[in-house]
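> Structure in structure tokens, see below.
The values are calculated or read from the model by the stated rules, or taken from the named source; none is laboratory data. The structure displayed is predicted, hence computed values, not measured ones. With ideal geometry, Cβ positions are generated from the backbone for all residues, glycine too; neighbour counts draw on all protein chains shown.
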């Protein structure tokens, strides 16, 4: 949800300081929440050293008619850095929970379009989680449809149970 906004703020600063797009600031970068997270997914879907999707994003979403190859590389670097950081933080947070639980086997329910559709998010998250969880503790991730709704339902049930026991 916020990954696009973080990337937008970085790209905006780079453009305003003249390091990107020759100082031209596309209107999209001036709009709060102007970059949805799926744009990061599109940019990162390109194979290494190819920038087909990135070019399309700059022409279509950013409305730029001219840019250099270094601009493509910078945009991809920013998007990749933001996504990798987010996936690493999620993986580290989950590892902390798994380590605290200290169970031999743990199943983690995961929901969200980033995990499901981003080309590298799930892999990076799992990689970090695996590095931080001791080998005696195994985990598996299970895709959960409508995780927010189910989580809210579980919370209400637990709260009712707590009130009933008082």
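> Return yes or no: is residue 114 in a helix (DSSP H, G or I) and either modelled with pLDDT under 85 or under 21 Å from residue 35 (Cα atoms) (or both)? Quick ask: steps written out before the conclusion?
Values: in a helix (DSSP H, G or I): yes; either modelled with pLDDT under 85 or under 21 Å from residue 35 (Cα atoms) (or both): yes.
Spelling it out, residue 114 is indeed in a helix (DSSP H, G or I) and either modelled with pLDDT under 85 or under 21 Å from residue 35 (Cα atoms) (or both).
> For the subset of segment 18-45 comprising residues that are free of Cβ contacts under 8 Å to residues at least 40 places away in the same chain and within 23 Å of residue 84 (Cβ to Cβ), which member is surrounded by the fewest Cβ atoms within 10 Å (Cβ to Cβ)?
Across segment 18-45, the extreme among qualifying residues is 33.
> May I ask you to say which residue of 71, 49 is in contact with a helix residue (DSSP H, G or I) (Cβ under 7 Å, 6 or more places away or on another chain) and either in a loop (DSSP other than H, G, I, E, B) or farther than 30 Å from residue 142 by Cβ (or both)? I'd like the intermediate steps shown before the answer.
Working: 49 fails: in contact with a helix residue (DSSP H, G or I) (Cβ under 7 Å, 6 or more places away or on another chain).
None of the others qualify; the one that does is 71.
> Report the residue count in segment 96-118 for those that are buried (at least 16 other Cβ atoms within 10 Å of the Cβ) and at negative phi.
In the first step, residues of segment 96-118 are kept if they are buried (at least 16 other Cβ atoms within 10 Å of the Cβ); the result is 98, 106, 110-112, 114-115, 118.
Imposing the further condition that a residue be at negative phi reduces the set to 98, 106, 110-111, 114-115, 118.
Counting residues in segment 96-118 that are buried (at least 16 other Cβ atoms within 10 Å of the Cβ) and at negative phi gives 7.
> Could I ask something else about it? Among the residues of segment 38-45, is there at least one that is assigned to a loop (DSSP other than H, G, I, E, B) and closer than 23 Å to residue 118 by Cα?
The first filter runs over segment 38-45 and keeps only residues assigned to a loop (DSSP other than H, G, I, E, B), leaving none.
No, segment 38-45 contains no residue that is assigned to a loop (DSSP other than H, G, I, E, B) and closer than 23 Å to residue 118 by Cα.
> With the requirement that a residue be more than 13 Å from the chain's Cα centre (by Cα) and surrounded by 13 or more Cβ atoms within 10 Å (Cβ to Cβ), what does segment 74-95 give you? It would help to see each step written out before you state the result.
We begin by selecting, within segment 74-95, every residue more than 13 Å from the chain's Cα centre (by Cα); these are 74-77, 92-95.
Across segment 74-95, the qualifying residues are 74, 75, 76, 92, 93, 94, 95.
> If residue 98 satisfies every condition in (1) in contact (Cβ under 8 Å) with a residue 40 or more places away in the chain; (2) under 19 Å from residue 5 (Cβ atoms); (3) touching a strand residue (DSSP E or B) at 6+ places or on another chain (Cβ under 9 Å) but one, which is the exception?
(2)
> On the basis of being loosely packed, with under 15 Cβ neighbours inside 10 Å, under 13 Å from residue 80 (Cβ atoms) and without any contact (Cβ under 8 Å) to a residue 60 or more places away in the chain, does residue 48 make the cut?
On the way: loosely packed, with under 15 Cβ neighbours inside 10 Å: yes; under 13 Å from residue 80 (Cβ atoms): yes; without any contact (Cβ under 8 Å) to a residue 60 or more places away in the chain: yes.
In short, yes.
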